[in-house]
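The values are calculated or read from the model by the stated rules, or taken from the named source; none is laboratory data. If you're wondering where the values come from, they're calculated on a predicted model, not measured in any experiment. For neighbour counting, all protein chains shown are included, and Cβ atoms are generated from backbone atoms with ideal geometry for every residue, glycine included. SASA here: full protein model, heavy atoms, side chains in, ligands and nucleic acids out. Shrake-Rupley method; radii C 1.70, N 1.55, O 1.52, S 1.80 Å.
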There are 2 protein chains.
Amino acid sequence: MRISELSAKSGVAIPTIKYYLREGMLHQGEQTAATRAEYDESHLRRLRLIRALLEVGRLSVASIKQIIAAVEDESMPTHEVLGTAHYALGPAVEPEPGEEWQAARAQVDELIEKLGWDIHPAAPTRDELAQTLVRMRQLGVAIDLGPYVEVVRKLVSEVEMNTIPFDGPRDAAVESLVLGTVLYGRALDTLRRMAHESESARRLSS
Amino acid sequence: MRISELSAKSGVAIPTIKYYLREGMLHQGEQTAATRAEYDESHLRRLRLIRALLEVGRLSVASIKQIIAAVEDESMPTHEVLGTAHYALGPAVEPEPGEEWQAARAQVDELIEKLGWDIHPAAPTRDELAQTLVRMRQLGVAIDLGPYVEVVRKLVSEVEMNTIPFDGPRDAAVESLVLGTVLYGRALDTLRRMAHESESARRLSS
């Protein structure tokens, strides 16, 4: 297809497509004449991925370039490619000095160990959870993570993972992971706050 | 207690306490001399509430003032006071023009009706969920909300609601709602992404 059709099908404006081509985020089409190139499904898939990372994941162009480099590096196992996108979607958390942080982080590491979860030792989610535990402790909120672990295990393994096409092209798997992580996460959070309102109404009216 | 002790116990600096007093966010202490006032547990509780809204809820001072006005309005039922804080914690979502939005919003309203949830007709969570459904549809993500509904219902009614002291002072109930909504929400989201990583590793290594 021509660039005009690629633009219409992807919903990405032609000048933006040209920018992605110049930046190496989108691979060149097949040159059929001096000023004409042909594009195919792989270009469409890449544009969908960029849109998902940009609009849904709200990632910077710099982060998107890193993820695309991972998608294109054929020596990288698929799990690592997905991890690159996955880690970029989370908030950046800086470890804090002091014993309180170390205790919380140790608690997180023990939990993962006990659950037998396969989480990279340098995964940023470890510090993210440690930070939440520190804040809770500082503010006097007690939490038993047990029911939360049970719930996410069920949701992720029985619902969310089944929506990711692990066997197809990497672009599609990464796109699906980003959309799933962000959009399902938003739906979960909103429904949770709805349940809060409803349950609070029920308890306070009786 | 004196203002210095109030500051030490609350972790809020004296100039900040004086600012809250001037702005009417904190009630005056009992004047015991021309330049001396006595403060009590109610002041400490209010400062804890302000910190929770500011540091954990990341709300603006203007939003915090509105919530405090609700806490102090004794004619307002507790459920509405909690609702005021609750709604302020969610993202602001503007309804979009067009049939796609209307269809998604109708789907949300039907879901709530079918579940028998007690959600205010003007609750912002309705538009928030509609927006997520619209984005999903635009991006070709299919979602069955059923498993999510089941999960939040269980978490909220069996775990989270039991941490809110409905019978105590309103400051404490609102503080607890804010901490619970935000911190438990963060823990849930992080654990969910951890489960993603682990499950993805398991599937791709086999």
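Based on what the data block shows, is A:MET76 touching a residue at least 40 places away in the same chain (Cβ under 8 Å) and not in a helix (DSSP H, G or I)? In short, no. Within the stretch A:110-125, being more than 21 Å from the chain's Cα centre (by Cα) and surrounded by 14 or more Cβ atoms within 10 Å (Cβ to Cβ) holds for A:LEU111, A:LEU115. Scanning for something part of a helix (DSSP H, G or I), surrounded by fewer than 19 Cβ atoms within 10 Å (Cβ to Cβ) and touching a residue at least 40 places away in the same chain (Cβ under 8 Å), does the stretch A:86-104 turn up at least one residue? No: the stretch A:86-104 contains no residue that is part of a helix (DSSP H, G or I), surrounded by fewer than 19 Cβ atoms within 10 Å (Cβ to Cβ) and touching a residue at least 40 places away in the same chain (Cβ under 8 Å).
State the number of residues belonging to the stretch A:28-69 that are in contact with a Ser or Thr (Cβ under 7 Å, 6 or more places away or on another chain) and without any contact (Cβ under 8 Å) to a residue 60 or more places away in the chain.
4
Within the stretch A:27-65, if we keep just the residues that are charged (D, E, K, R) and over 20 Å from A:VAL174 (Cβ atoms), the residue that is farthest from the other protein chains (Cβ to nearest Cβ) turns out to be A:ARG36. Looking across A:LEU82, A:LEU49, A:LEU53, A:LEU59, one residue alone is assigned to a loop (DSSP other than H, G, I, E, B), crowded, with 18+ Cβ neighbours inside 10 Å and of a type in the set (A, V, I, L, M). It is A:LEU59. Every listed requirement among (1) surrounded by fewer than 16 Cβ atoms within 10 Å (Cβ to Cβ); (2) more than 19 Å from the chain's Cα centre (by Cα) is met by A:VAL134 save one, (1).
Taking the conditions exactly as written (within 8 Å of another protein chain (Cβ to nearest Cβ), within 24 Å of B:VAL93 (Cα to Cα) and over 24 Å from the mean Cα position of the chain (by Cα)), does B:ASP144 satisfy them or not? So B:ASP144 passes the test. What is the residue count in the stretch B:1-18 for residues that are open to solvent by 50 Å² or more (accessible area, probe 1.4 Å) and part of a loop (DSSP other than H, G, I, E, B)? Number satisfying all stated conditions: 3.
Has the stretch B:115-122 got at least one residue that is closer than 27 Å to A:ARG135 by Cα and touching a residue at least 12 places away in the same chain (Cβ under 8 Å)? No, the stretch B:115-122 contains no residue that is closer than 27 Å to A:ARG135 by Cα and touching a residue at least 12 places away in the same chain (Cβ under 8 Å). Open to solvent by 40 Å² or more (accessible area, probe 1.4 Å) and farther than 22 Å from A:HIS86 by Cα: is that true of A:GLU23 in this structure? So A:GLU23 passes the test. Selection of the stretch B:33-44 for residues being surrounded by 17 or more Cβ atoms within 10 Å (Cβ to Cβ) and among the basic types (Lys, Arg) yields an empty set. State all residues of the stretch B:153-175 that are facing another protein chain (nearest Cβ under 8 Å) and open to solvent by 10 Å² or more (accessible area, probe 1.4 Å); if no residue qualifies, say none. Answer for the stretch B:153-175, where residues must be facing another protein chain (nearest Cβ under 8 Å) and open to solvent by 10 Å² or more (accessible area, probe 1.4 Å): B:ARG153, B:LYS154, B:SER157, B:GLU158, B:VAL159, B:THR163, B:ILE164, B:PHE166. Checked across the stretch A:186-206, the condition of being facing chain B (nearest Cβ under 7 Å), open to solvent by 20 Å² or more (accessible area, probe 1.4 Å), within 30 Å of B:LEU139 (Cα to Cα) and in contact (Cβ under 8 Å) with a residue 60 or more places away in the chain holds for no residue.
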